[in-house]
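In what follows, a single structure is set out as structure tokens and then discussed.
The values are calculated or read from the model by the stated rules, or taken from the named source; none is laboratory data. Note that the structure is a prediction, hence the values are computed from the model and not measured. We work out accessible area using only protein heavy atoms, side chains counted, and drop any ligands, DNA or RNA first. Shrake-Rupley method; radii C 1.70, N 1.55, O 1.52, S 1.80 Å.
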Amino acid sequence: MRALPSLDPIQRPDLPMSSPPSPSAGPHRVAAVSIRLPPPCPHLAAYRSAGSSHPLCSFYQCLRVRPLGRAEVRRGPGEVPRCSSCPSASSPRLYACLACAAVHCPAHATAHARIGHEIAVDVDRAELFCCACGDQIYDRDFDAAVVFAQAAAAPAPARLEPAVSEENVRKRQRVEYRSWYPNRKESAVIWRGSGPIFANDENVSSSAGSRLPWGLRGLNNLGNTCFLNSVLQALLHTPLLQNYFLSDRHNRFVCQQRSRRKKGEGADEQITATLCLSCDLDAMYSAVFSGDSRPYSPAKFLYSWWQHASHLASYEQQDAHDFFITMLDGIHEKEHEQRKLHNEGSGDCCIVHKVFSGILRSDVTCSMCGYTSTTYDPCMDISLNLDYSNDSLKSSSSNSHVCNGESDYFFPTQKYGMSTLLGCLEHFTRPERLGSDQKLFCQHCQVKQESIKQLSIRKLPLVACFHIKRFEHSLQRNMAKKIDRYVQFPFYLDMVPFLSSSILRSRFGNRISSITDGDSDADMELTSEFEIFAVITHSGKLDSGHYTTYLRQNNQWYKCDDSWITLVSENIVRASQAYMLFYVQKILH
């Protein structure tokens, strides 16, 4: 990148046309002497000296800003630039000459520079380019004009009433942390109402001989219901859901009374109205945290789920991910019905959406004109394809693993290969070229064109659930199989590289990242660190497999295998065949 020799690296312009530096800027110029600048472009300096005082003014009026905030150079709103030497051919880059406004592709721009027209501008990126040097160049006035045009095209924030704005300001103010210690009266109340932190002597791990933490209780298998037990164990120990139900935010007795008050329904409809997955989950929380160590039978919850998902009502083995999605859907529908019935619709979503819901951003860019269409979709989890980029590495070095001085544990990477969760996320957010059989309609070209699609995470959920696609279904062969591939997952996960702000910054630079997204990057990065707390695994084949759950409690791992709960080492968890991974934001755990 070349720069003008007259530019001050310390001074930053705030207007599109910069004025000469004032005499008070002398100390800053002394400090800038030690900074080594790249060699300036002599062609840009000659162009500025040969022209008027503002030689770039003619191009300021041609600056256009796309809906996503990306600047471009167009004579008119509907202009489609073409190379003047080869108008029929398509080129990914086009440059407009600053001297004669002729548009050329990179091949013909070099030849056009031989007549003395070296300086051009990229029509799709609004960046100066020297065709003789073959490099991008920087001009303070032109870059300030681009930033000014983007700021002017950005939508203005909605004006709020004074009372509302003051309330928002009060909410955003940081509250200083103050430690709290109970006095004598409060200590007596806590002592009378508290119980033991561990369960009774019957709830003891048979393998390790140590007491289990409070709330860990086995679930009876009711006949191929290990898929249900594994997901319920993860939900019962999801921190935010646990706080919601244990604080009586959903009272099952009040909910059932409200459901019976519906008018104009028969006896069968009354029975159906009383079926509520949230009520059954509330009863399960009460039973699990009651201190009883005997395994609990979730028969009532299974019956309510069958009523909601009748197409899955059988004693056959079901998919744990399908159960997870349908169960959250059932809880959302019931709470939405209750809010609508009692006129409580205040715009707040249900508890499962508050905990698990995030927003995905999809950018579809036309390969011909570069027009980008953006859509936002809510998601309750992220389904990831397996990444095969690590197959070239030698798997022999990963056959054994030592962690915290414990004994080695075999990692099945040599036989099945290894993928990583970070690699799967990188593959999920990687640009994907849609072929000729997947053409999409371009609003700019008004025809179906080949395009490039890229996904990113616009908003992170409080609890992130990652689903590994281990089951392949072939419609041609009418068969399904399981992929026994080891997935390496971290215990602490940073989601910054997969956010929309990071991907847009890597694609367009820092200039428009603050305009394209509403939330600031700093706020998103503060909540981008996650910590794992549950892993659902699947062992065996597709038709005869078994689901188990590993839970992290007090920095120790416990294996929940239906009614059996045992203390396990960290290496066993790392070597497991992960199917669903649950992460919670680190600041909340």
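Listing for the model above:
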item: Diffusion constant of the stretch 220-260 at 25 °C, which comes from Stokes-Einstein with the Kirkwood Cα-pair radius and 0.890 mPa s, µm²/s; result: 203 µm²/s
item: ³J(HN,Hα), Karplus 6.51/-1.76/1.60, whole Hz, each residue of the stretch 559-566, x for Gly, Pro; result: 9, 9, 10, 6, 7, 9, 10, 10
item: Gyration tensor (alpha-carbon) shape descriptor, the stretch 433-504, a/c threshold 1.5; result: oblate
item: Where only alpha carbons of the stretch 421-471 are counted, the Rg and the Dmax (Å); result: 15.0, 41
item: Linear extension gain, Lys439 paired with Ala111, 0.36 nm per residue minus alpha-carbon span; result: 114.5 nm
item: Too-long pairs where the Cα-Cα distance tops 24 Å, listed order kept, from Lys300/Lys481; Lys482/Lys586; Lys469/Lys559; Lys481/Lys586; Lys559/Lys586; result: Lys300/Lys481; Lys482/Lys586; Lys481/Lys586
item: Which of Val65, Val447 is most accessible, then next, and so on - probe 1.4 Å; result: Val447, Val65
